[in-house]
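Worksheet: one structure, shown below.
The values are calculated or read from the model by the stated rules, or taken from the named source; none is laboratory data. Worth saying up front: this structure is predicted, and the values here are computed from it rather than measured. No Cβ is skipped: glycine too gets one built from the backbone with ideal geometry, and neighbour counts run over all protein chains shown. Each accessible area value is taken on the protein alone, full model and side chains, heavy atoms only, with ligands, DNA and RNA left out. Shrake-Rupley method; radii C 1.70, N 1.55, O 1.52, S 1.80 Å.
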Amino acid sequence: KVVVTYNETAGVMEAKLADDSESTAYVNTYDTSTYIDLGGTKSIANRNFKDGDKWTFTLKDEAGKEIDSKTIEPKSGKSTTFTFARQTYELKDLWNATDKKYEAKTYTYTVTESGTVSGVTNDPKVTRNVKVVVTYNETAGVMEAKLADDSESTAYVNTYGTSTYIDS
């Protein structure tokens, strides 16, 4: 409730809350999110991909819980790509309730290759550690997710090799 008064002598009008009015307070909240698309490459040395080639790549979180899995079946060429489901991060994930501020957070995932193809030796490093750093710039109101500098490459290189021998 607002009370309006007018002082004719001074020519001043004034408006103020009546004594029995409830005060009004507004609390605005802001939420934002960001994402990253994780994936990798698969290549083969000494031959092209062909029918029957099949590998699976699995993405797991820090607790070892499977998040996504992609099976590729390249039929030609020497290189292909795979992409996991988009990883999304929310602003609330960065809130430090103790210090009452937003803090950068690093998420660690593992990417593992599985599958065997006759005559093909898989990349010797089957599991890779992928780290994502998520930050929030309060001044600009912008979140960002990017690969950490110490994140391992998810470029898998397999090698085709045959051997022959003469039985004497």
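Are there any pairs with C-beta distances below 6 angstrom linking a residue in region 57-79 that is over 17 Å from Thr116 (Cβ atoms) and open to solvent by less than 40 Å² (accessible area, probe 1.4 Å) to a residue that is among the hydroxyl-bearing types (Ser, Thr, Tyr) and in a strand (DSSP E or B), with the two at least 6 apart or on different chains, and if so which?
So the pair list comes out as Leu59/Tyr109.
Which of the residues spanning region 75-132 are under 24 Å from Glu144 (Cα atoms) and small (Gly, Ala, Ser)?
Ala85, Ala97, Ala104
Name every residue in region 130-152 that is surrounded by 14 or more Cβ atoms within 10 Å (Cβ to Cβ), of a type outside the set (D, E, K, R) and part of a strand (DSSP E or B), in order of residue number.
Result: Val130, Val132, Val133, Val134, Thr135, Tyr136, Met143, Ala145, Leu147.
Checking Lys101 against (1) of a type in the set (Lys, Arg); (2) modelled with pLDDT under 90; (3) surrounded by 11 or more Cβ atoms within 10 Å (Cβ to Cβ), which test does it fail?
(2)
Being open to solvent by 100 Å² or more (accessible area, probe 1.4 Å) and of a type in the set (A, V, I, L, M, F, W, C) is the filter here; which residues of region 24-56 pass it?
The answer is Val27, and nothing else.
For Ser21, state whether it is part of a loop (DSSP other than H, G, I, E, B) and open to solvent by 70 Å² or more (accessible area, probe 1.4 Å).
No, not satisfied.
Name the residues in region 52-82 that are more than 15 Å from Thr41 (Cβ to Cβ) and either in contact with a Pro (Cβ under 7 Å, 6 or more places away or on another chain) or assigned to a loop (DSSP other than H, G, I, E, B) (or both), would you?
Across region 52-82, the qualifying residues are Gly52, Lys54, Asp61, Glu62, Ala63, Gly64, Lys65, Glu73, Lys75, Ser76.
Residue check: is Tyr6 open to solvent by 90 Å² or more (accessible area, probe 1.4 Å), assigned to a strand (DSSP E or B) and modelled with pLDDT of 95 or more?
Here the answer is no, as Tyr6 does not meet what is asked.
Just one of Glu144, Glu113 is of a type in the set (Asp, Glu) and more than 22 Å from Phe49 (Cβ to Cβ); which is it?
The conditions single out Glu144.
Return a yes/no flag: does region 98-117 have any residue that is in contact (Cβ under 8 Å) with a residue 40 or more places away in the chain, part of a loop (DSSP other than H, G, I, E, B) and in contact with a Lys or Arg (Cβ under 6 Å, 6 or more places away or on another chain).
yes
Just to be sure, is Tyr156 over 15 Å from Lys42 (Cβ atoms), part of a strand (DSSP E or B), modelled with pLDDT of 95 or more and not β-branched (Val, Ile, Thr)?
no
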